[in-house]
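The values are calculated or read from the model by the stated rules, or taken from the named source; none is laboratory data. Source: prediction; values computed, not measured. Cβ atoms come from the backbone with ideal geometry, glycine included; neighbour counts cover every protein chain shown.
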Amino acid sequence: MAGIYIYSEEQPVTEQLLTAGKTLANSLNEKINVIDFSEQDSESFIKKGADHVLCLKSDHPWPESYAQIIADILKEKDPTVVLIGGTLRGKTTASIIAAKLQTGLVNNAFAIEGSGSVIETKRIMYSGIAVCTEELCHGSIVTIEPRTFDAAQDSDHQGDTENIDIQPEAKTITVGNVCPIVHQDNDIATAEKLVCVGRGLSDQNDMKLAEELAEKLHAQICCTRSVAEDYHWLTTDKYVGLSGAKVKPNLYISMGVSGQVQHVAGMRDSKVIVAVDTNENAPIFAAADYGIVGDLHEIIPLLTKELG
Amino acid sequence: MKIIVCYKWVPDEQDIKIAADLKVDMSMAKWKISEYDKNAIEEAALQAENNAAEVTCLTFGTSKAKQSLKDALSRGPEKAYWVNDAKAENTDGFVTANILAAAIKKVGIPDLIFFGEGSEDSYGQQVGPRVAALLDIPALTFVTKTAVKDDAITTTRSIGNCTEDVTASFPAVVCMLPEINKPRIPSLKQVLKASKKPVEEIKLADLGLSDAELTVKNKVKSIQGFVMNRKNKLYQDGSSAEKVKALVSDLAKEGLA
Amino acid sequence: MDFQLTEEQALVQQNAREFAQTYCEPIAAEIDKTGRHPEETIKQLIAHDYMGMIYPEEYGGAEADYLSYILMVEEISRVCASTGIIYSAHISLSMNPIYKWGSEELKQKYLVPMCKGEKLGAFALTEPGAGTDAASGTCTATLDGAEYILNGTKCFITNGGIADVYTIFALTDPAKGVKGLSCFVVEKNTPGFEIGKHEDKMGIRGSHTSELIFKNCHIPKENLVGEEGKGFKYAMMTLDGGRIGVAAQALGIAQGALDEAVKFAKERVQFGKPIATKQAIQWMLADMETQLQAARFLVYNAAETAGRGVAFSKEAAMAKLFAAEAAEFICSKAIQIHGGYGFIKDFKVERFYRDQRITAIYEGTSEVQRMVIAGSLLR
Ligand SMILES: Cc1cc2nc3c(=O)[nH]c(=O)nc-3n(C[C@H](O)[C@H](O)[C@H](O)COP(=O)(O)OP(=O)(O)OC[C@H]3O[C@@H](n4cnc5c(N)ncnc54)[C@H](O)[C@@H]3O)c2cc1C
Ligand SMILES: Cc1cc2nc3c(=O)[nH]c(=O)nc-3n(C[C@H](O)[C@H](O)[C@H](O)COP(=O)(O)OP(=O)(O)OC[C@H]3O[C@@H](n4cnc5c(N)ncnc54)[C@H](O)[C@@H]3O)c2cc1C
């Protein structure tokens with residue numbers, strides 16, 4: 001048996017994985033199978049390219065607890081490759097499945113390509129300094145972060161649905177107090193424009209400069225890890241980088257951000273990057289399209305004004 | 001309560017250079033305990049202080065990782081286990097997890113096993129939950145808070161768009177997010193005491209793992225420097241106001257101002 | 001000779017580096033500018049058990065070896081020379097006489113809280129009229145029943161006004177000259193003991209240097225350290241150790257300057273290429289590194305010798321002499337490599353250059369070091 005298997009506990013992510021899955025299916029000449037929980041979604045997945053939807057019916061609320069069941073199914077199906085949505089839950093689930101199946105796992109792949117029977121993935125290493133290209137073993141699992149691909153387009157694709165009744169084993173776990181993170185403004189991960197503040201701000205009053213600029217641009221404000229974790233001027237969901245949010249706005253303007261690799265790893269997919277920093281040797285300028293070497297206290301108000 | 005905290009000895013990425021041919025040059029790199037793992041070690045040290053936990057640490061590394069043992073011990077653990085094998089040079093999450101799980105079984109499964117959220121070098125983000133799966137115990141990942149009561153641990157997980165409290169009875173694997181704590185710089189007395197703490201070397205051969213379990217799954221074809229493709233335009237002429245004007249005019253051309 | 005650090009020393013060095021980077025580096029420029037004593041750093045030194053680094057655990061020390069201590073002074077000075085001297089004046093100058101020659105009672109009363117960092121120390125030998133010629137001092141200590149009465153003025157005292165405990169030298173028998181000098185412990189706020197003027201200095205500006213004035217200052221008889229008349233010997237033996245600390249300070253400053261020079265040379269582009277590609281710059285860097293390593297060998301060797309408990313006056317003198325001169329050379333070249341930027345306060349080398357200058361002066365000028373070295377040759 002073979003096939004490409006796709007799973008995410010989040011339906012929009014599954015739709016994005018279908019985009020990657022379809023390209024792979026073409027070059028490998030394989031079928032696309034989607035594993036999901038809700039029958040309602042299967043129609044839409046099929047339209048977006050799924051050949052087969054396995055619908056797991058259960059009411060257990062903790063997505064991670066399905067790992068064993070998905071592993072059992074995959075063991076039986078012996079897939080060529082498994083794509084799992086690289087949400088944080090997804091990466092945990094993927095790791096558990098990979099261990100159960102004693103197979104390989106590439107987390108956070110930003111590219112995946114098949115040719116003949118060979119599948120290659122790319123992911124970053126050393127905090128973003130390097131890219132690692134791997135050739136997957138048969139049946140390897142790959143996680144791909146949300147928004148790496150756009151959602152697949154609808155078509156008149158045909159496919160079928162299979163319902164599977166399951167009972168996830170309730171490990172010795174209880175889950176409670178689930179609170180959605182209330183993003184003070186909008187979620188920076190999906191923002192069109194971002195103004196990023198770093199430790200170059202002298203004190204919290206300087207946040208005003210960023211706010212005024214953001215208001216002019218209709219941008220959201222984000223920051224470096226130091227600003228969130230050491231200064232607490234913004235909450236931790238607002239910091240960008242390897243261990244923070246991955247963002248890819250159309251415009252990213254940084255002020256007083258040195259541009260260390262761990263930070264740049266989270267923003268370098270932005271369309272246009274602008275940097276303002278006093279240190280002409282700051283690595284941020286290598287990551288930027290446009291840069292001004294100067295004091296943010298002087299440059300940013302001028303910029304806000306000039307934007308009219 | 002017993003805790004084993006796992007850590008990895010990694011090159012400091014600040015010292016990694018990318019050559020003109022995009023090869024990754026690590027010859028100048030100093031090695032260190034992965035920063036993410038320092039959060040796990042600190043959390044274990046806090047458990048030792050506040051809940052009298054008995055903490056040991058475990059690493060799988062090459063002979064070079066020997067340097068890390070006393071460093072780790074200075075951060076709190078009372079004993080270090082070191083699976084010493086050249087295989088660590090070329091490993092993956094699959095092999096590492098098999099080895100760590102086997103080593104943990106060998107020394108005795110503790111109440112809690114702590115990990116960082118990923119290793120600083122390869123950032124595979126899988127070894128912790130893999131070890132949990134291999135030991136058939138729960139994996140609590142992306143944890144920002146821990147609280148131990150009786151024979152259970154309650155964690156707050158921060159998973160993208162929500163937080164949730166998850167309680168697991170012992171034994172369990174817990175993987176920490178960096179914001180959980182601020183790893184302290186060990187005190188001089190801790191540093192000096194570290195040299196007197198016991199270290200136990202574990203030979204790979206003693207773990208009873210098969211060749212298949214020790215063979216990496218996905219084949220690394222290349223590791224190359226990331227190429228930044230940016231315009232890198234710096235406004236150098238004129239007054240600040242003129243520079244800003246030039247910038248805004250360029251942004252306007254991009255349809256962004 | 002082998003300068004492979006032991007595993008423990010390497011770990012202390014790493015710890016010291018992390019400490020310096022975290023606590024000293026971020027405020028180094030500011031305390032240089034404002035001349036503020038870095039109280040918060042002292043708190044961290046206390047929290048990290050560094051205040052009694054080389055003294056026995058029974059007195060609350062950490063019982064580290066001497067070379068480890070030298071590594072600590074080097075690492076602190078590499079980012080902040082002011083903190084380097086505040087620390088080494090406490091450890092190797094102020095505490096040493098109390099530990100070596102003080103009564104058990106004095107140790108319990110002063111050494112223990114000093115090891116814990118509850119009390120900061122200073123060492124007062126120099127007087128306006130007695131610098132290099134320390135034997136010509138005029139401060140007196142007159143025994144009066146159960147007390148000594150101190151009179152006179154000390155000057156240029158590191159940690160003066162900040163310290164809680166002062167190890168001072170005064171004549172108990174002026175007629176005997178050097179042989180009449182004795183060592184005492186004086187607490188801050190003792191009536192008759194006042195802090196005079198604070199010096200406005202060229203470098204190490206975060207470290208306070210002050211005048212101490214004694215006017216009929218009564219201290220308990222028990223505060224005599226060791227025996228009457230042995231003060232000069234105690235002072236000279238203590239300075240031998242202190243000199244290795246100053247040598248380590250010079251070494252740290254020099255390393256800091258070289259680090260900056262290398263970084264700058266790689267970043268600064270002129271004529272289309274980083275200046276590091278120019279041979280003129282490379283030769284400077286090569287000379288700097290060579291001087292630095294030579295100094296390091298002498299400093300570590302002196303520390304090692306001191307740690308072994310054998311005579312080390314000459315080793316200490318050579319280490320301080322050479323390291324101070326190397327630091328001046330290296331800091332000067334580091335500024336040269338920086339060009340105009342090196343002359344601007346935004347760049348660290350400007351501070352390093354000012355800071356290094358004192359290392360050829362205090363705890364015995366370079367001339368004194370040469371006298372010690374020659375003296376041991378010609379004995
Ligand atoms: C394992 C690991 C993971 C990490 N993950 C992340 C991550 O996900 N995200 C992240 O952001 N960081 C991360 N970091 C931290 C990262 O390495 C940097 O320390 C951090 O990004 C630096 O933040 P910064 O640019 O605000 O501060 P700094 O590096 O201190 O830079 C401040 C900048 O401001 C400039 N400046 C100062 N004054 C002015 C002025 N008046 N006008 C203009 N410019 C001025 C300075 O020249 C400097 O370039 C991680 C680190 C580690 C070790
Ligand atoms: C910032 C700072 C901190 C200090 N901290 C302390 C402290 O904590 N405690 C303390 O006791 N002192 C301290 N001192 C004093 C310091 O040790 C003396 O300044 C030093 O010993 C030199 O003495 P002097 O300044 O009187 O110079 P002088 O002795 O007057 O020397 C002037 C010059 O003459 C030279 N010279 C003198 N005698 C001879 C000779 N016989 N042969 C050849 N050349 C000679 C000297 O080398 C020097 O070049 C400090 C000084 C400074 C500036």
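You will find that of A:His218, A:His263, the residue that is surrounded by 22 or more Cβ atoms within 10 Å (Cβ to Cβ) and in contact (Cβ under 8 Å) with a residue 12 or more places away in the chain is A:His263 and no other. Taking into account only those residues within the range A:108-117 that are polar (S, T, N, Q) and outside any strand (DSSP E or B), which is nearest to the other protein chains (Cβ to nearest Cβ)? For the range A:108-117, the residue satisfying everything is A:Asn108. Within the range B:207-229, the set of residues being surrounded by fewer than 16 Cβ atoms within 10 Å (Cβ to Cβ) and at the interface with another protein chain (Cβ under 9 Å from one of its Cβ atoms) comprises B:Ala212, B:Lys219, B:Val220, B:Lys221, B:Ser222, B:Val227, B:Met228. Residues in the range C:231-270 that are among the polar types (S, T, N, Q) and under 13 Å from C:Arg78 (Cα atoms) were compared, and the one that is surrounded by the most Cβ atoms within 10 Å (Cβ to Cβ) is C:Gln249. Restricting the range B:1-26 to residues that are assigned to a loop (DSSP other than H, G, I, E, B) and in contact with a helix residue (DSSP H, G or I) (Cβ under 9 Å, 6 or more places away or on another chain), which is surrounded by the fewest Cβ atoms within 10 Å (Cβ to Cβ)? Residue satisfying both the conditions and the ranking: B:Met26.
Taking the criterion of being surrounded by 23 or more Cβ atoms within 10 Å (Cβ to Cβ) and within 23 Å of A:Lys77 (Cβ to Cβ), the residues of the range A:122-155 that qualify are A:Glu134, A:Leu136, A:Ser140, A:Ile141, A:Val142, A:Thr143, A:Ile144, A:Ala152.
For the range C:310-319, state whether one or more residues are within 15 Å of ligand 2 (Cβ to nearest atom) and within 29 Å of C:Ala134 (Cβ to Cβ). Yes; the residues of the range C:310-319 include at least one that is within 15 Å of ligand 2 (Cβ to nearest atom) and within 29 Å of C:Ala134 (Cβ to Cβ). Exactly one residue out of A:Thr172, A:Thr92 is farther than 23 Å from A:Ser27 by Cα, of a type in the set (S, T, N, Q), surrounded by fewer than 16 Cβ atoms within 10 Å (Cβ to Cβ) and at the interface with another protein chain (Cβ under 7 Å from one of its Cβ atoms), and it is A:Thr172. Those strands (runs of 3 or more DSSP E) of the range A:203-308 in which 1 or more residues are at the interface with chain B (Cβ under 9 Å from one of its Cβ atoms), closer than 23 Å to A:Pro146 by Cα and not basic (Lys, Arg) occupy A:251-255, A:272-277.
The residues in the range B:189-228 that are touching a strand residue (DSSP E or B) at 6+ places or on another chain (Cβ under 6 Å) and either among the aliphatic types (A, V, I, L, M) or part of a strand (DSSP E or B) (or both) can be counted, and the count is 11. Scanning the range C:42-62 for residues that are surrounded by 15 or more Cβ atoms within 10 Å (Cβ to Cβ) and out of contact with any Gly (no Cβ under 9 Å at 6 or more places or on another chain) yields C:Gln44, C:His48. Residue count for the range A:241-271 satisfying the condition of being closer than 18 Å to A:Ala189 by Cα and more than 6 Å from ligand 1 (Cβ to nearest atom): 17.
The combined condition, being out of contact with any Cys (no Cβ under 8 Å at 6 or more places or on another chain), in a helix (DSSP H, G or I) and under 22 Å from C:Cys183 (Cβ atoms), is not fulfilled by C:Val73. Scanning the range B:91-123 for residues that are within 11 Å of chain A (Cβ to nearest Cβ), not in a helix (DSSP H, G or I) and not aromatic (Phe, Trp, Tyr) yields B:Asp92, B:Gly116, B:Glu117, B:Gly118, B:Ser119, B:Glu120, B:Asp121, B:Ser122. For the range A:272-295, which residues satisfy the criterion of being near ligand 1 (Cβ under 10 Å from one of its atoms), touching a helix residue (DSSP H, G or I) at 6+ places or on another chain (Cβ under 7 Å) and closer than 15 Å to B:Tyr235 by Cβ? Across the range A:272-295, the qualifying residues are A:Ala275, A:Val276, A:Asp277, A:Ile292, A:Gly294. Once the range B:149-181 is narrowed to residues that are facing chain A (nearest Cβ under 8 Å) and outside any strand (DSSP E or B), the residue that is surrounded by the fewest Cβ atoms within 10 Å (Cβ to Cβ) is B:Asn161.
Annotation: of all residues in the range C:111-150 being within 10 Å of ligand 2 (Cβ to nearest atom) and acidic (Asp, Glu), the one that is surrounded by the most Cβ atoms within 10 Å (Cβ to Cβ) is C:Glu127.
Exactly one residue out of A:Thr278, A:Thr224 is more than 16 Å from ligand 2 (Cβ to nearest atom) and closer than 27 Å to B:Val143 by Cβ: that is A:Thr224. What tally of residues in the range A:192-202 results from selecting those that are within 11 Å of ligand 1 (Cβ to nearest atom) and either within 13 Å of chain B (Cβ to nearest Cβ) or surrounded by 21 or more Cβ atoms within 10 Å (Cβ to Cβ) (or both)? The number of residues fulfilling the criteria is 5. Only a single criterion out of (1) among the charged types (D, E, K, R); (2) assigned to a loop (DSSP other than H, G, I, E, B); (3) touching an Asp or Glu at 6+ places or on another chain (Cβ under 7 Å) is not satisfied by C:Asp49, namely (3).
Of all the residues in the range A:75-89, those that are more than 11 Å from chain B (Cβ to nearest Cβ), touching a strand residue (DSSP E or B) at 6+ places or on another chain (Cβ under 8 Å) and either assigned to a loop (DSSP other than H, G, I, E, B) or surrounded by fewer than 22 Cβ atoms within 10 Å (Cβ to Cβ) (or both) number 3. Restricting the range A:13-42 to residues that are at pLDDT below 95 and under 19 Å from A:Leu88 (Cα atoms), the residue that is nearest to the chain's Cα centre (by Cα) is A:Asp36. Per the listing A:Leu105, A:Leu136, the residue uniquely facing chain B (nearest Cβ under 7 Å), closer than 24 Å to A:Thr23 by Cα, among the aliphatic types (A, V, I, L, M) and in contact with a helix residue (DSSP H, G or I) (Cβ under 8 Å, 6 or more places away or on another chain) is A:Leu105. Would you confirm whether or not the range C:16-31 contains a residue that is part of a loop (DSSP other than H, G, I, E, B), facing another protein chain (nearest Cβ under 10 Å), under 17 Å from the mean Cα position of the chain (by Cα) and buried (at least 24 other Cβ atoms within 10 Å of the Cβ)? Within the range C:16-31, none of the residues are part of a loop (DSSP other than H, G, I, E, B), facing another protein chain (nearest Cβ under 10 Å), under 17 Å from the mean Cα position of the chain (by Cα) and buried (at least 24 other Cβ atoms within 10 Å of the Cβ).
Where helices (runs of 4 or more DSSP H) sit wholly within the range C:81-174, those with at least 3 residues that are aliphatic (A, V, I, L, M), within 16 Å of the chain's Cα centre (by Cα) and away from ligand 1 (no atom under 16 Å from the Cβ) occupy C:81-88.
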